[in-house]
Structures are given as C-alpha cells and as structure tokens.
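Before any comments, here is the structure.
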C-alpha cells in the first residue's frame, strides 16, 4: 500500500482526532512509491470484482483470506458491497480534503440503485452503515515492510470477523499525508473486527510509525429507494 495505518483497528472509536501519541486504526501500510507529482489522482487500489457468485474482492488484497463472502450478508449489504467496488477518489488532495467531497459517492449510490432495481430488491429499506476515515502523516523513518505486513494481516482479521464491506487506501503525498477508509455493516462489526492480535500490534506501532493519526467515524444513511444519501457524525 502507500503510507500506512491500520484502519480496521476500530475497537475504540470517537469522531475526533487522536493526539500523535495514540494509534487505534489501520490506514494503509504499503510504501510502494512516493507521490512525486501531487497533482494526479493516484491510488494503489486494485480493481474490485466478483470472483464467483458468492465472493467479492473489496480491497487491494486479492488472496482468499481477504475476499468477502457475500453469503454472510443480507441482501441490502450484499448490494452495497457490490456498489462500493466502484468507489474511487475524484480529487488529488483527498488526504486533506473533506471526506464526502473526495470520492464518487453519487456514482456509487447510482450503481446501488441500478443493482437494487435489476434484482427486484424493492422497496429498498432505509439503512445505516458505519464508516471510518483514517488520516495520517507518516514518519520519514517508518518501516514500509512492517507497515504493509500489519495492514495486510489486520485486514485479514477484519474479513474473518465479518461485516467489512469495503476497504480503500490512497498513496501518501509529498508531505507523507494519506487517507484510508472502510465501510462496515455496523459499529458492532467494526469493534469486533479490531480485537485481534494483528490489530493490537498495529495500534502499538502507531506511536513509532506516524507523526500524526486521526480518525473520524460517520453514519452513512441510505433512504428508501436509495433516492437520498447522507453522511453525518456517528452518534451513539
């Protein structure tokens, strides 16, 4: 991946920045390249596709332990996971830009509307989903191989736990800033997904790998017929 965190580490979540001494997330852990030109929209995310009738690639990781088993989800979550395979950034400064303005959300939910229609999933029920955005500034001396390992293993833990619908990460910019994000079926799934040993290691690494880490938790609300969507701060 590009710069890193451990975004799936969301066992304790609040909609506010973390101070530089804390780490409780997994962003992206791959340091394949520095972004020499900050202007193009560059990301390490691979194309996400359905690998069979019941499995879906929903992250940059494509080996079996990272693939979503659609049969573990109800129909609404299956359709959203499929629509989220089209998620992509629409501006080069996504690492620092407003979250809802950084991705092609309208296109994602247009795809969801089409999928729901084509599969006769109407009426679409009003549903809420749990979204986490991870922003970071990587230390110059951070170990890219270690970061990548922590991220990759944390993602496998989260997939095994269940309910992770999407994981995306970008490429660090010239200031070593980056953004990663994940969409969960529920907050409960996110908490459970962050309890494994690799997540614990990722949290511990945050104090030595990053100059700054912050996360924001959001509620994604999709209205009836997928005719309207909104993201707002998560409230218990």
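The table below gives the values:
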| quantity | calculated |
| --- | --- |
| Spin-label model distance (nm) - residue 63 vs residue 208, 7 Å beyond Cα toward Cβ | 2.3 nm |
| Estimated FRET transfer efficiency when R0 is 35 angstrom, pair residue 221-residue 141 (beta carbons, to 0.05) | 0.25 |
| Estimated inter-spin distance, residue 118 and residue 91, nm [label 7 Å along Cα→Cβ] | 3.1 nm |
| Difference of contour (0.36 nm per residue) and Cα-Cα distance, residue 101 to residue 191 | 29.8 nm |
| Burial order of peptide ranges 173-182, 187-196 (average beta-carbon count within 10 Å, highest first) | 173-182, 187-196 |
| Separation of alpha-carbon centers, the stretch 195-230 and the stretch 87-118, rounded to whole Å | 17 Å |
| Distance in nm between pseudo-label sites at residue 228 and residue 74 (7 Å out along the Cβ direction from Cα) | 2.2 nm |
| Order of 222, 73 under a 10 Å beta carbon neighbour criterion, fewest first | 73, 222 |
| Exposure proxy ranking, count of Cβ atoms within 10 Å, fewest first, for 229, 198 | 229, 198 |
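We did not get these values from a lab; they are worked out from the coordinates using the rules stated. Quantities reported herein were computed from a predicted structural model and do not represent experimental measurements. Neighbour counts run over all protein chains shown; Cβ positions are idealised from the backbone, glycine included.
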